[in-house]
Amino acid sequence: MTIAIDSAPQPCTELGRIPAITAALRETFASGHTRPIEWRRAQLQALRRMLSEQGEALAAALHADLRKPMLEAWTADIGSVKMEIKTAIRNLKKWTQPQRVPGAPILGRMRVIREPLGCVLIISPWNYPVQLLLSPLVGAIAAGNCALLKPSEVTPHTSALLAKIVPEYLDRDAIALVEGAVDETTALLAERWDHIFYTGNGSVARIVMAAAAKNLTPV
């Protein structure tokens, strides 16, 4: 099947809205909206449905941006994320249950209780713009976090399609997507995050690490 792709779209500049977007995500997380296991499972199922229903469009966008063969698009980008979702859903209950600590004092009990970090930033590269954007999102959702996605500007068709479909399938109060290039990424890194997922080259990684270090943000 051949899916028509228009000429490369221009990234949506959201520079001025970034502080408001991140503040809204923080408000959502503080409300406890993302903590219930039911919410996490529903969002993971919605993400899987998005990949199934929009798979052909995503594969076509990957081909338009990278000339990526359909087989590679379906397996390496789309299929790998669906496998990640399957694993997360299957293990969600076990991952979120408190764990007893062996060897606890005789007069007390000790447990490890996993808590969501908060709001996470996901910056993906150009070569696997679906897999390396959405696989970290699976983990972020499974852990009960809010997330902001920043796809690569080097793959404009894929970025524009994700910007369109992510709000259609996922919770807009908890998951946002910002398109753009260096200016938008710089503005995002100026915000405070509870975790940053970044995949890319070492020079940009140094910038990410420097920004994260200001707030002791894990990366």
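A few remarks follow.
- Residue count for the range 163-182, restricted to those that are closer than 19 Å to Ala64 by Cα and free of Cβ contacts under 8 Å to residues at least 60 places away in the same chain: 1
- Qualifying residues in the range 109-142 (those that are out of contact with any helix residue (DSSP H, G or I) (no Cβ under 8 Å at 6 or more places or on another chain) and touching a residue at least 40 places away in the same chain (Cβ under 8 Å)) - the one farthest from Lys82 (Cα to Cα): Leu117
Yes/no matrix, rows are residues, columns are (1) farther than 25 Å from Gln43 by Cα; (2) of a type in the set (D, E, K, R); (3) in contact with a Gly (Cβ under 6 Å, 6 or more places away or on another chain):
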position: Glu179; (1), (2), (3): no, yes, no
position: Ala190; (1), (2), (3): yes, no, no
position: Phe197; (1), (2), (3): no, no, no
position: Ala205; (1), (2), (3): yes, no, no
position: Leu216; (1), (2), (3): yes, no, no
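- If you go through the range 179-204 and keep only what is surrounded by 14 or more Cβ atoms within 10 Å (Cβ to Cβ) and part of a helix (DSSP H, G or I), you end up with Glu184, Thr185, Thr186, Ala187, Leu188, Leu189, Val204.
- The set of residues in the range 40-77 being under 22 Å from Ser152 (Cα atoms), part of a helix (DSSP H, G or I) and charged (D, E, K, R) consists of Arg48, Glu56, Asp65, Glu72, Asp77.
- Residues of the range 162-189 satisfying the condition of being in contact with a Pro (Cβ under 9 Å, 6 or more places away or on another chain) and not β-branched (Val, Ile, Thr): Leu162, Ala163, Ala176, Leu177, Glu179, Gly180, Ala181, Glu184, Ala187
- Scope the range 42-76; condition charged (D, E, K, R), within 16 Å of Trp126 (Cβ to Cβ) and open to solvent by 30 Å² or more (accessible area, probe 1.4 Å); matching residues: Asp65, Arg67, Glu72
The values are calculated or read from the model by the stated rules, or taken from the named source; none is laboratory data. What you see is a predicted model; the values in this text were computed from it and never measured. Note that we place each Cβ from the backbone using ideal geometry, even for glycine, and neighbour counts take in every protein chain shown. Note: areas computed on protein heavy atoms with side chains; ligands, DNA, RNA excluded. Shrake-Rupley method; radii C 1.70, N 1.55, O 1.52, S 1.80 Å.
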